Amino acid sequence: MKPIRKAVIPAAGLGTRVLPASKAIPKEMLPIVDKPVIQYIVEEAAAAGIEEILIITSRGKSAIEDHFDRSPELEQRLLGSGKQALYDEIAAIPGLANLTFIRQKETKGLGHAVLCAKAFVGDEPFAVLYGDDVIIGEQSATAELCAAYEKYGKGVVGIKEVPHEMIHNYSSLKAEPIGPREFAVTDMIEKPKTPAEVLSYYSILGRCVLPPEIFGILEQTPPGAGGEIQLTDAMLQLARNGGMVGVDYTGTRYDMGNKLGMLQAAVEVGLAHAEVGPAFRQYLKNLAGRL
Ligand code: UTP
């Protein structure tokens, strides 16, 4: 079996749920405390041993590319003013992985964005990390999914249970337990409209590992929910022909494409932050007493 060396990060969406913040700044560049969303995601892929990463961007998103470039003037300034630790941190960013960028010319959906990666991926399995989902935990969620791919030899989706009243905003999976945190996934539906369509409250959240056969399926996939080419609709075929594996990854996922997710991430990552965490904790305790 071919090892997983490549990852695709779709980051071309319009980010309408976090407007106006995302009008001129890509939502993938919004920070959680002091690091942009996209850097957390690239770090997670690198921690899984991924060597090559393709980031799918779109018009107005060149700040993402700039973030992973060298910044000689800034680096000189940091060195010259004795800020060695900050220099080391900034100078290491371009070396996190071998990054390539292409543009999705029209935002026709996540499935269409993944299809833009066909030439980059070639004939290999690959990981997909959704560009607005940050997962924080002891283990890289991508590494957990890659391990399941190597164990079962099937496409893998990262899954979590979602609140029942929210399932109509997510995908819903037919998922039977097969191991610790592992499930056989044999059916799925994107954004079920009626309770009868709900297969379970397990949903695909933020990560998957796919075989290259997905491209042939995506090429035949018509627009689905919201008029967009849905990755879930293509994965449904994989699930029905031989099945997929669901992994309930151990980390916590923050939906940085929505305002509440942004606030939750800021609070939880802020509390754990080495520099500002203790002062932030004290601030929150005082604030909570007044709520
Ligand atoms: P979302 O549906 O969460 O992103 O897609 P969006 O379209 O930006 O969201 P809203 O509804 O307008 O707020 C999940 C991921 O897929 C990418 C997004 O950038 C996000 O990282 N995506 C989505 C693309 O790359 N291309 C698309 O056409 C759609």
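Within the bounds of the range 103-111, is there any residue that is under 19 Å from Glu28 (Cβ atoms), out of contact with any helix residue (DSSP H, G or I) (no Cβ under 9 Å at 6 or more places or on another chain) and assigned to a loop (DSSP other than H, G, I, E, B)? Walk me through how you get there before you give the answer.
Within the range 103-111, the subset under 19 Å from Glu28 (Cβ atoms) is 103-111.
When the remaining residues are screened for being out of contact with any helix residue (DSSP H, G or I) (no Cβ under 9 Å at 6 or more places or on another chain), the result is 103, 105.
Those left that are additionally assigned to a loop (DSSP other than H, G, I, E, B): 105.
Yes, some residue in the range 103-111 is under 19 Å from Glu28 (Cβ atoms), out of contact with any helix residue (DSSP H, G or I) (no Cβ under 9 Å at 6 or more places or on another chain) and assigned to a loop (DSSP other than H, G, I, E, B).
Does Pro180 satisfy the condition of being over 30 Å from Gly122 (Cβ atoms), modelled with pLDDT under 95 and not charged (D, E, K, R)? Talk me through it step by step, then tell me what you get.
Values: over 30 Å from Gly122 (Cβ atoms): yes; modelled with pLDDT under 95: yes; not charged (D, E, K, R): yes.
Yes: the conditions hold for Pro180.
Out of all the residues in the range 112-139, which are in a loop (DSSP other than H, G, I, E, B) and under 15 Å from Arg5 (Cα atoms)?
Within the range 112-139, the subset in a loop (DSSP other than H, G, I, E, B) is 116-117, 122-125, 130-132, 137-139.
Listed by number, the residues that qualify are Ala117, Gly122, Asp123, Glu124, Pro125.
Yes/no per residue for (1) within 15 Å of the ligand (Cβ to nearest atom); (2) under 21 Å from Ala7 (Cβ atoms); (3) among the aliphatic types (A, V, I, L, M); (4) surrounded by fewer than 12 Cβ atoms within 10 Å (Cβ to Cβ):
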position: Ile53; (1), (2), (3), (4): yes, yes, yes, no
position: Ile56; (1), (2), (3), (4): yes, yes, yes, no
position: Glu73; (1), (2), (3), (4): no, no, no, yes
position: Ser81; (1), (2), (3), (4): no, no, no, yes
position: Tyr87; (1), (2), (3), (4): no, no, no, no
position: Gly95; (1), (2), (3), (4): no, yes, no, yes
position: Glu106; (1), (2), (3), (4): yes, no, no, yes
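Taking only pairs six or more apart or across chains, which ones have beta-carbon atoms under 7 Å, a first residue in the range 87-101 that is assigned to a strand (DSSP E or B), and a second residue that is polar (S, T, N, Q)?
Hits for this filter: Phe101/Thr57.
List every residue pair whose Cβ atoms lie under 7 Å apart, where the two residues are 6 or more positions apart in sequence or sit on different chains, the first residue falls within the range 226-238 and is on the phi < 0 side of the Ramachandran plot and part of a helix (DSSP H, G or I), and the second residue, located anywhere, is surrounded by fewer than 21 Cβ atoms within 10 Å (Cβ to Cβ) and not charged (D, E, K, R).
What qualifies is Asp233/Gly224; Ala234/Ile217; Gln237/Ile217.
Output the residues belonging to the range 41-63 that are farther than 15 Å from Ala127 by Cβ and either free of Cβ contacts under 8 Å to residues at least 24 places away in the same chain or outside any loop (DSSP other than H, G, I, E, B) (or both).
Thr57, Ser62, Ala63
For Leu199, only one of the following conditions fails: (1) in contact with a helix residue (DSSP H, G or I) (Cβ under 8 Å, 6 or more places away or on another chain); (2) at pLDDT 95 or above; (3) not polar (S, T, N, Q). What is its number?
(1)
Residues to consider are Ala7, Ala48, Ala12; find the one that is closer than 25 Å to Leu263 by Cα, at pLDDT 95 or above and among the aliphatic types (A, V, I, L, M).
Values: Ala7 fails: closer than 25 Å to Leu263 by Cα; Ala48 fails: closer than 25 Å to Leu263 by Cα.
Exactly one residue qualifies, and that residue is Ala12.
Report, by residue number, each residue of the range 187-202 that is in contact (Cβ under 8 Å) with a residue 12 or more places away in the chain and either in contact with a Ser or Thr (Cβ under 8 Å, 6 or more places away or on another chain) or not acidic (Asp, Glu) (or both).
Our first condition is that a residue be in contact (Cβ under 8 Å) with a residue 12 or more places away in the chain; within the range 187-202, this holds for 187-193, 197-202.
Once the filter is applied, which keeps residues that are in contact (Cβ under 8 Å) with a residue 12 or more places away in the chain and either in contact with a Ser or Thr (Cβ under 8 Å, 6 or more places away or on another chain) or not acidic (Asp, Glu) (or both), the range 187-202 yields Met188, Ile189, Glu190, Lys191, Pro192, Lys193, Glu197, Val198, Leu199, Ser200, Tyr201, Tyr202.
Could you list, in sequence order, the residues of the range 276-291 that are at pLDDT 95 or above and not in a helix (DSSP H, G or I)? First the steps, then the outcome.
Within the range 276-291, the subset at pLDDT 95 or above is 276-287.
Within the range 276-291, Val276 is the sole residue that qualifies.
Scanning for something within 20 Å of the chain's Cα centre (by Cα), in a strand (DSSP E or B) and either away from the ligand (no atom under 16 Å from the Cβ) or of a type in the set (Val, Ile, Thr) (or both), does the range 250-262 turn up at least one residue?
In the first step, residues of the range 250-262 are kept if they are within 20 Å of the chain's Cα centre (by Cα); the result is 250-262.
Restricting the remaining residues to those that are in a strand (DSSP E or B) gives 252-255.
Cutting the leftovers down to either away from the ligand (no atom under 16 Å from the Cβ) or of a type in the set (Val, Ile, Thr) (or both) gives us 252.
The answer is yes, given that some residue of the range 250-262 is within 20 Å of the chain's Cα centre (by Cα), in a strand (DSSP E or B) and either away from the ligand (no atom under 16 Å from the Cβ) or of a type in the set (Val, Ile, Thr) (or both).
Of (1) within 15 Å of the ligand (Cβ to nearest atom); (2) within 24 Å of Gln230 (Cβ to Cβ); (3) of a type in the set (A, V, I, L, M, F, W, C), Ile4 satisfies all except one. Which?
Only one criterion in (1) within 15 Å of the ligand (Cβ to nearest atom); (2) within 24 Å of Gln230 (Cβ to Cβ); (3) of a type in the set (A, V, I, L, M, F, W, C) is unmet by Ile4, namely (1).
For the range 7-27, what are the residues that are assigned to a helix (DSSP H, G or I) and either more than 10 Å from the ligand (Cβ to nearest atom) or surrounded by fewer than 24 Cβ atoms within 10 Å (Cβ to Cβ) (or both)? Working first, answer last.
Going residue by residue through the range 7-27, those that are assigned to a helix (DSSP H, G or I) are 16-18, 27.
Those that are assigned to a helix (DSSP H, G or I) and either more than 10 Å from the ligand (Cβ to nearest atom) or surrounded by fewer than 24 Cβ atoms within 10 Å (Cβ to Cβ) (or both): Thr16, Arg17, Val18.
Going residue by residue through the range 111-120, is there one that turns out to be exposed (fewer than 14 other Cβ atoms within 10 Å of the Cβ) and more than 16 Å from the ligand (Cβ to nearest atom)? First the steps, then the outcome.
To start, the set of residues in the range 111-120 that are exposed (fewer than 14 other Cβ atoms within 10 Å of the Cβ) comprises 119.
Checking the rest, the ones that are also more than 16 Å from the ligand (Cβ to nearest atom) come to 119.
So far as the range 111-120 goes, yes, one or more of its residues are exposed (fewer than 14 other Cβ atoms within 10 Å of the Cβ) and more than 16 Å from the ligand (Cβ to nearest atom).
The values are calculated or read from the model by the stated rules, or taken from the named source; none is laboratory data. If you're wondering where the values come from, they're calculated on a predicted model, not measured in any experiment. All Cβ positions, glycine included, derive from the backbone under ideal geometry; neighbour counts span all protein chains shown.
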